[in-house]
1. At 7 Å along Cα-to-Cβ for each site, give me the label-to-label distance between residue 94 and residue 33 in nm.
2. Tally Lys and Arg at +1 and Asp and Glu at -1 over the other residues with C-beta under 15 Å from the C-beta of residue 113: what net charge comes out?
3. Mind ordering 177-188, 225-236, 209-220 by average Cβ neighbours within 10 Å, highest first?
4. Sort the following peptides by mean Cβ neighbour count (other Cβ atoms within 10 Å, averaged over residues), highest first: 48-58, 34-44.
5. How big is the Cα convex hull of the stretch 1-122 in projection, averaged over all directions, in nm²?
6. Mind grabbing the base-10 log of I(q)/I(0) for the chain at q = 0.12, 0.13, 0.14, 0.17 Å⁻¹? Debye formula, identical points on the C-alpha positions, no solvent, two decimal places.
7. Restricting to DSSP H runs of at least four residues, report the calculated mean residue ellipticity at 222 nm for the chain, -39500 (n - 2.57) per run over all residues, nearest 500 deg cm²/dmol.
8. Could you order 76, 92, 83 by accessible surface area, starting with the largest, using a probe radius of 1.4 Å?
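The values are calculated or read from the model by the stated rules, or taken from the named source; none is laboratory data. Source: prediction; values computed, not measured. Counting neighbours? That spans all protein chains shown, and the Cβs are built from the backbone with ideal geometry, glycine included. Areas reflect the complete protein model, heavy atoms only, side chains present, ligands, DNA and RNA absent. Shrake-Rupley method; radii C 1.70, N 1.55, O 1.52, S 1.80 Å.
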Amino acid sequence: MQTWRIPRRDGVAILAGLAAPLVLAAILVPFRASFPNTDAALALILVVVAVAANGYRLAGILAAVSAAVWFDFFLTRPYERFTITRREDIETTLLLLVIGVAITEIAVWGRRQHTAASRRAGYLDGIHAAAQAAASGTSPSALIEQVASQLTRVLSLESCRFQYGAAGLGRPARMQHDGTVITAQQRPWDMDGAGFPPGTETELLVEGGGVFQGRFLMTPGPGARPTLEQRLLAVALADQVGAALATSHAVGQG
């Protein structure tokens, strides 16, 4: 049985989303008769923004709901009751909830964009490192080991090994140069929906200088479903190995 675990950062955000609006609303209670409750609503929006900035949707939505609930309870008449009698207060409460949810969605989108940008930067660093290793005269075996490690990380593999001069041996699935995967029966495989083909390794052919050099044999990890972007990165890394091998020796088509 799998245990659902929330990262510590997100757990703290959830607690803040639940507690911070309550604390602020309680602090404002002694002053609620001296300022419009719309000002209090703006203050609660700031709390929602602070929680939503974490980029965790559940925490932001809980903060928005908590802000609306405690705004109703503490800062609208009749006080200390979950009842609203004035139309203006109803509208303010609804706006507080809607704006809070909208802010959360914007923050979630921003967090995803930041994560994607960081991931792409890591991909570029991986290609640059492989290219630099090839250009600096690093031995092919060291480069192969480096790229195999990168493939394992990028594609969420259980293992990755290189074979010289072997293509199609054992009838594995094959990752094409465009990132698609075909089975041994030459049928396209839905990598995005199903992950790697089950019960078999997947090969990634390595060519250099127009000559076949070998292949990476990849054993997927549990639930591995690399995106097309990740698969194209794998092809680019394999191309670096092919270029390095082409300058050291050529292995005939096997």
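1. 3.0 nm
2. +3
3. 209-220, 225-236, 177-188
4. In descending order of packing, they fall as 48-58, 34-44.
5. Details: hull surface 37.4 nm².
Projected over every direction and averaged, the Cα hull of the stretch 1-122 covers 9.4 nm².
6. -0.76, -0.82, -0.89, -1.13
7. -20000 deg cm²/dmol
8. Ranked list, largest accessible area first: 83, 92, 76.
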